[in-house]
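Have a look at the structure below, then the notes.
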Amino acid sequence: MIDPLFYKTSLESAVNDLRTDLLSDGGPQISTMRNYRFAILPYDPKKEFELRTLIRRLSDDLKGMGWNVLSISLLRLLMDRLRAEEPRVLDSFIGRERRLYEKDPRRALRYLKDKLVHYVEEPDGLAGAVVGLIDDFADAHPDGLDHTLIFIGRAGALYPFFRSSALLRFIDGKTRNIPVVLLYPGARQGDTGLSFMGELPADRDYRPRIYS
């Protein structure tokens, strides 16, 4: 019988495994592929706040050891991009979506997906913004890149418009070889499959290591 005081949830165990690999004697070992420092940490969307607590605790521990840690919110990046538009553009989106919703909610959702794809999934969408933030952070800490970590989170707020596979594809080779961990709300299916929010069909054959 396991003592409750020492019991760890699967999410806690996954975060602990990530911590161990980041602090490996030979440097961060979050991937088995050379020059590909990406990892994915899937979690039950219902455990969003537990995930945030664990990641904040890990970040604080790493910072206490001299690491530079940057947390990127995909939700904030999307909202910043939308706010940068002229008000008439957003008013047009909202008005059209409302009119379509009254006739057919599914058609309204398809309309939003078509309109938001440029902001979310194109190379100069969220991926471009993520690369820009990583570049700025790396430039601000040029002597500490061996002890620098990037967390990408708040993907759940972009459901159902976001695909992590597109983001990882567009930032590949543009992260200064800094370890990047995507916090993924969803379910693991098989060795390399992930279902976003546990609702969408699983994307298969992910290259990054999956911690779960």
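One table, with the values for the structure above:
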item: Between segment 50-124 and segment 20-34, the alpha-carbon center distance in angstrom; result: 30 Å
item: In sequence order, calculated HN-Hα J values of segment 190-200 (Karplus, 6.51, -1.76, 1.60; Hz; x Gly/Pro); result: x, 6, 10, x, 9, 10, 5, 6, x, 10, 7
item: Span-rule helices in the chain, defined as complete DSSP H runs reaching 15 Å or more along the axis (Cα) with Kyte mean at least -0.5; result: 10-22, 126-140
item: Nonlocal Lys pairs with alpha-carbon distance under 25 Å, the chain (8 or more apart, or different chains); result: 8
item: Computed E for THR53/ASP17 - FRET, C-beta separation, R0 22 angstrom, nearest 0.05; result: 0.80
item: Efficiency of FRET between LEU133 and TYR101 - r from beta-carbon atoms, R0 25 angstrom, step 0.05; result: 0.15
item: Convex hull per residue volume in Å³, alpha carbons only, for segment 66-179; result: 96 Å³
item: Cα-based convex hull, segment 112-209, per residue volume (Å³, whole number); result: 98 Å³
item: Theoretical ellipticity at 222 nm over the chain - DSSP helices of four or more residues, -39500 (n - 2.57) apiece, nearest 500; result: -14500 deg cm²/dmol
item: Gyration tensor (alpha-carbon) shape descriptor, segment 1-109, a/c threshold 1.5; result: prolate
item: Orientation-averaged projected area, Cα convex hull of the chain (nm²); result: 14.3 nm²
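Values in this text are rule-based calculations from the coordinates and carry no lab data. Small disclaimer: the values here were computed from a predicted structure and weren't measured. Glycine also receives a Cβ, built like all others from the backbone with ideal geometry; neighbour counts cover every protein chain displayed.
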